[in-house]
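Before any comments, here is the structure.
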Amino acid sequence: MAHKTDYEDHIGHAPAHHVTSLAVYFGIFFLLMVLTVLTVAAARVNLGVWNTPIAMAIAIAKATAVILWFMHVIHSPRLTWIVVIVSFLWLGVLFVLTFADYLTRHWSMY
Amino acid sequence: MPSNPTYYNLAHPGTTEGEEHAAHEHHHPFLQHHFEDLGQQHAASTLGMWLFLTTEILFFGAFFFGYALYRNMYPEAWRAGAHHQNWVLGTANTIVLIGSSLTMALAVWAAQTNRRKLTTLLLALTLILGTVFLGVKAYEYNEHIHEGFFPGSHYHNVVDSPALRPGVQLFMIFYFGMTGMHAVHMIIGAGLLLYFIRRAWRGDFGEEYYGPIEVMGLYWHFVDIVWIFLFPLLYLIH
Amino acid sequence: MTTTTLDDAPFIEPSATAPRNYINDEYGVLSWLLTKDHKRIALLYLFSVTTLFFVGGFFAFMMRLELLTPEGDLFTSDTYNKFFTLHGIVMIFFFLIPAIPAVLGNFLLPIMLGAKDLAFPKLNLLSWYIYIVGATFGVVVIITGGVDTGWTFYTPFSTQYSNTHVFATTLGAFITGFSSILTGLNFIVTTHRMRAPGLTWFRLPLFVWSMYATSVVIVLATPVLAMTLVLLMIERGLHVGIFDPALGGDPLLYQHLFWFYSHPAVYIMILPGMAVISECVAAFTRKKIFGYKFVAFSSLAIALLGFLVWAHHLFVAGISVYSAMIFSFLTMLVAVPSAVKVFNWTATMYRASVSWQTPMLYVLGFIGLFTIGGVTGLFLAAMGIDVHVHDSYFVVAHFHYIMVGGTVMAYMAGIHYWWPKITGRMYPEWWARLSALLVFVGFNLTFFPQFLVGYVGMPRRYHAYAPEFQVLNVLSTAGATVLAAGYILPMIYLAWSWKFGRRAGPNPWGAVGLEWATSSPPPKENFLETPVVTWDAYDYPAFLKAMRETQNA
């Protein structure tokens, strides 16, 4: 065909025939297990103000691994990346702009 | 003049008709009539699922925002509430759910490589692990309700100091609300899995046509991700 | 700029015996209720939203009757509270949000893309059924006693104190949300994945750009409302305090989450209106839209900026002064892309040979009234003025200029413009012009006095008022009567024209666009063969050349 439609530009005519290898799947599973153990261990120790940021950082790392490899985003067209990023960005808008109200309530004007 | 005067023939004169028709000769049984080919159908369905997950991210996100706000307001009560959770069961359930994500991902692989029986088996394993997760969750709910932690008129907290009790009730609203919403998604996912087990056994899927399993996987992994965040936020507050 | 006249359009005499089209392709009630054809689903939506428009209009008219006199003597204050609540809920959730996307968008988007259908036809039908279930909740609530919280369901009144049907109403709104999510999702996927060969992004009609931006807003905003209503239902159902300050909750959390959806929802309502206006301006000036890319990207800019302004509804609710300043500034920014659009439409009309058919009359109405609504929105974005006029009739007039003067005007323009495509028949031009005039005069007579009465201090949502406001209120009610006539008239002549109107032919306006390149009404899968697009949007000479070539082929 002389004229290409959008989906052809990104992934070709047939389904995206990328088959992720078994080693990758098991490797990611192992990583997720390690991070789960790590997050439980970190919560057993008192790290002061750092407990929550560490727990969140580990959770974000786990979620990123699942999104990129289990959900195949790493081999997906650019549009999928945009959709994923925009979703979390908009959630960020909700958090940032609303906390911009709550966290500045006690600031005095004078 | 075209044979039917009320239609314009818009197909470009330069298009070679042979090409067009060759592509249409072997219609896959699951190719829907309004798509040109399976590639387009696959691309449309995965994009559709990702957009659905966008709505899910913002749906759960609003709940997480409420959680963050009240945790910021009542840190003591949140700590007390998390201490009423059984972190061993929570950890076990996390492992079970991540395991189910692995079997789901492997099921997609098995479908892509034309392994019909293995696909069915892996989907069934995913369903079993999901059910185990829900069973453990039900046990935990039962415990909490017996201890009087269910918010509302049945809330009967004798463990915490009176000053903390309203805050712990607020925590419990978020605990039951967020895990409950998550469990509803698990139940819907389990229902979908039953449907796909039947289709996989029937031999619908293979390297040409595995889009529906892929899309099912996206949903299942998303539910897993929600739990990845819920686990430290509800069970592991130091 | 090249201009062409109607005579240049390749006019083909429609055959005496109508060919098979989407309307007469199948017969029977079930063939409609189980259809997966986007055009038939659009018609299902057309009848549903029109019905609910008149339900909502009934409550509006009852309010205007009550406000004829200052005493509040026609209804009790409780009844009046229910009337304004039901008017808001029905008009916003069941008319304005689905109206243009689900009727005109559904009908036209696949045709404009050269596709056979939307990407997910079954989801499209499902979205209509979900809408009907949600609307049924609304109607049952109306019949069994109503609801009195205002359409915003503000807590803690809605959760702890109101003894009306809050739960059923919020459940109805929650369910209807899924209907618009499915429509938006379908539109985005279709625009990305189903475009005809040759139809690149910058060849798309501006209708598609605007509908795409609308869909993005729907997909990103609606789920937050869904969760907010779930939290509200939990609080009301369990008698706990998520938002009730007496029980440790925070009522402003509700308002933040609610407006995170409901302000972008304003753009869900107005962006499709802008979609229609762009098409009509191009068709009736026979020119390319001035600054195509600016108009296209301004839709996306409105969608983006529309998300960053919601807390301007909370200026007097007790949010921090610093965040209020940020939100005030961001709100002003939204005016920029809106003004770009108004400027470009006007520039397109400049020195064009404009034909003043009914859709173009509505377009003129839209541009003027939307500008007034938008500029008064800037007044309200300024915190100092907002403190003065908050919750007054000034606000009521402002958003009605956007919602009725904008969206409903555009909806009427679109219905008339594409009526020949939808039904294959022309509407009677004289009657249609009369109704456009009635709507314009009636609208201004209804709502301009409300700017004045609000500015001098009449608060909204009361059934009685101070006697010195009566003259302006009588004017407003008189205007509402004219407006009602203007809306009822099209019901009669459009229904008449469906059977008795002059046959339209494929392209009665001599307009450009794929929808004018197929027959009226279109065949079941829109085109006999997948079209190949070789022209830019609104490029009259190229489009006409392509038409002639294919005719002679």
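Ordering A:37-46, B:93-102, A:63-72 by mean Cβ neighbour count within 10 Å, with the highest value first, yields B:93-102, A:63-72, A:37-46. Counting, for every residue in C:214-226, the Cβ atoms of other protein chains within 10 Å of its Cβ and taking the mean gives 5. A simple spin-label model places pseudo-atoms 7 Å from Cα toward Cβ; at C:Ala495 and C:Thr76 they are separated by 3.6 nm. A protection proxy built from the mean count of other Cβ atoms within 10 Å ranks the segments B:225-231, C:348-354, C:221-227, most packed first, as C:221-227, B:225-231, C:348-354. Neighbour counting of Cβ atoms within 10 Å sorts the residues C:Val133, C:Val309, fewest neighbours leading, into C:Val133, C:Val309. Inter-label distance, B:Ala68 to C:Thr51: 4.3 nm, where each label sits 7 Å from its Cα along the C-beta direction. Annotation: peptides C:207-215, C:69-77, B:35-43, C:139-147, ranked by per-residue average of other Cβ atoms within 10 Å with the highest first, follow the order C:207-215, B:35-43, C:139-147, C:69-77.
Sorted ascending by nearby beta carbons within 10 Å, beginning with the fewest, C:His463, B:His144, C:His256 become B:His144, C:His463, C:His256. Shielding by partners for peptide B:216-228, expressed as the average number of C-beta atoms from other protein chains within 10 Å of each residue's C-beta, is 4. Its relative contact order, with pairs defined as Cα atoms under 8 Å and 6+ residues apart, puts chain C at 20 percent. Here's the picture: a label point sits 7 Å out from the Cα of C:Glu529 along the beta-carbon direction, and within segment C:109-132 the residues with their amide nitrogen under 19 Å of it are C:113-117. Between the Cα long axis of helix C:393-402 and the first principal axis of chain C there is an angle of about 20°, rounded to the nearest 10.
Using R0 = 45 Å, the C-beta based FRET efficiency linking C:Tyr322 and A:Leu68 works out to 0.75. Label positions at C:Leu68 and C:Lys545, each projected 7 Å from the Cα along the C-beta direction, are separated by 6.3 nm. With neighbours defined as other Cβ atoms within 10 Å of a residue's Cβ, the residues C:Ile218, C:Ile372 order from fewest to most as C:Ile372, C:Ile218.
For a paramagnetic label modelled on C:Phe294 (point 7 Å from Cα along Cα→Cβ), amide N atoms under 17 Å away belong, within segment C:202-241, to C:206. The calculated FRET efficiency for the pair B:His146 and B:Glu76, based on their C-beta separation and a Förster distance of 25 Å, comes to about 0.55. Per-residue mean of foreign Cβ neighbours for B:29-42 is 6 (Cβ atoms of other chains, 10 Å radius).
Gap in Å between the Cα centre of segment C:528-547 and the Cα centre of segment C:205-236? Comparing the Cα centres of segment C:205-236 and segment C:528-547, I get a distance of 35 Å. Can you tell me the FRET efficiency between C:Ala347 and A:Val49 if r is taken as the Cβ-Cβ distance and R0 is 45 Å, rounded to the nearest 0.05? Taking R0 as 45 Å, the efficiency between C:Ala347 and A:Val49 is 0.20.
Here, each number is a calculation from the coordinates, and none is a lab measurement. In this text, all values refer to a predicted model and were calculated from it rather than measured experimentally. Counting neighbours? That spans all protein chains shown, and the Cβs are built from the backbone with ideal geometry, glycine included.
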